[in-house]
Amino acid sequence: MPLNQTSRRTFLQHCGMLATANLLTPTLLYSNSWNSLTQANEKIMTVQGPISPQAMGICLVHEHILSRFGVDPLEPGAYSGEEAIQEVTPYLQYIKELGGQTIVDCTAAYFGRDAALLKQLSQASGVHIITNTGYYGAANDRYVPDFVQKESADQIARRWITEFEKGIAGTGIKPGFIKSGVDSGPLSSTDRKLIQAAALTHAATGLTIAVHTANNATAAKEQLAILKTAGISPQAWIWVHAHDVADIKELLTAASQGAWISLDGIKTFHYSNGKKQGSQTLEKHLSYLQALTKAGFLEQVLLSHDGSSFPVGGADSKRPFDTLFTTFIPMMKAAGFTEAQIRQLTVINPAKAFTLIVRKV
């Protein structure tokens, strides 16, 4: 639960986070590296409309503000809007007090996406929220609509491009990236079609492609090959749940081609058979981050939690969004990461990743 105003400030001071939050405000972003990245016409698309990359601030690149994962597909997701606003808004405000200014909501179409409700939550909390287009091909295609089997990659891409051009389901709200997912093993025909559609959509819109790939280096290589065949650079692609990979060499290989490496499972616990269990993920995340940094790929790493603030399972199934601020950044500092490196990871990298640019080979 969010802390009250007084205890929040005490808590932040105790964690050394007030200094970090102040350091990472947008007014301090105009370094040479930042200016070399951005152009005046570049933008990031949020549920309330476009913002400049400089306005993004500290960004959590992979969270689920709303989610229906584990239950039957539905588009848009069915929620009690009033209950969601009452329950989620204070939590988003808490994240904002910790320093978070933008949250990328990775709940895909038919998975529980509700663009209109996300806009209300953004307005109520003051946090920038980015939603997505695309279909989630993992979970054995459970959340892939039936028509995908009949349509070509071109036809699927046209659906996603239309959402970007005209808005999602008549709301006028535009997606800020493409979200997909693939199952284990080599790409299935469906997953391959989704990645081909994502490449076509990126070429038409500049939307970055974030794909749930997890511990599937084979599928990662196949995806990058599909993008290259379409003339799209690996810089347009995010390896989602890359921390699940067993061999760090696979991540180094993808990063060497330009891919984004998303260590987005930062958490202090996980669920197993419906019960909350401890987790060693923080140490693994730190070791992977150190390895990527040592290899020269710090500027391609993204950090987040894969949190869930309003899951179908209720309070017992919630996963927090605050561990980066309260625990992981202090761990990074203790391990020798500088303020500039932390700013690169939490502010500049997300802005680069989600800026609308067509990234060609």
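Name the residues in the range 201-234 that are among the polar types (S, T, N, Q) and in a helix (DSSP H, G or I), would you?
T201, T205, T218, Q223, T229, listed by residue number.
Within the range 160-194, restricting attention to residues that are in a strand (DSSP E or B) and touching a residue at least 60 places away in the same chain (Cβ under 8 Å), the residue that is nearest to T208 (Cα to Cα) is F177. Exactly one residue out of A198, A246, A225, A204 is among the small types (G, A, S) and crowded, with 24+ Cβ neighbours inside 10 Å: that is A198. In the range 266-278, the qualifying residues are those that are at pLDDT 60 or above and in contact with a strand residue (DSSP E or B) (Cβ under 8 Å, 6 or more places away or on another chain), and the one that is surrounded by the most Cβ atoms within 10 Å (Cβ to Cβ) is I266. For the range 100-137, a residue qualifies if it is hydrophobic (A, V, I, L, M, F, W, C), part of a loop (DSSP other than H, G, I, E, B) and modelled with pLDDT of 95 or more, and the qualifying residues are C106, A108, V127. The sole residue among T171, T190, T162 that is closer than 22 Å to E63 by Cβ and more than 18 Å from the chain's Cα centre (by Cα) is T171. Does the range 113-140 hold any residues that are small (G, A, S) and crowded, with 22+ Cβ neighbours inside 10 Å, and which are they? Of everything in the range 113-140, those that are small (G, A, S) and crowded, with 22+ Cβ neighbours inside 10 Å turn out to be A115, S122, G134, G137, A138. Only a single item in (1) under 18 Å from the mean Cα position of the chain (by Cα); (2) closer than 19 Å to V358 by Cβ; (3) not hydrophobic (A, V, I, L, M, F, W, C) is not met by K228, and it is number (1).
Within the range 122-149, residues that are on the phi < 0 side of the Ramachandran plot have Cβ atoms under 8 Å from residues that are modelled with pLDDT of 95 or more and among the acidic types (D, E) in these pairs: I129/D105; I130/D105; T131/D105; N132/D105; T133/E163; G137/D183; G137/D191; A138/D183, counting only partners at least 6 apart in sequence or on another chain.
The values are calculated or read from the model by the stated rules, or taken from the named source; none is laboratory data. What you see is a predicted model; the values in this text were computed from it and never measured. Cβ atoms come from the backbone with ideal geometry, glycine included; neighbour counts cover every protein chain shown.
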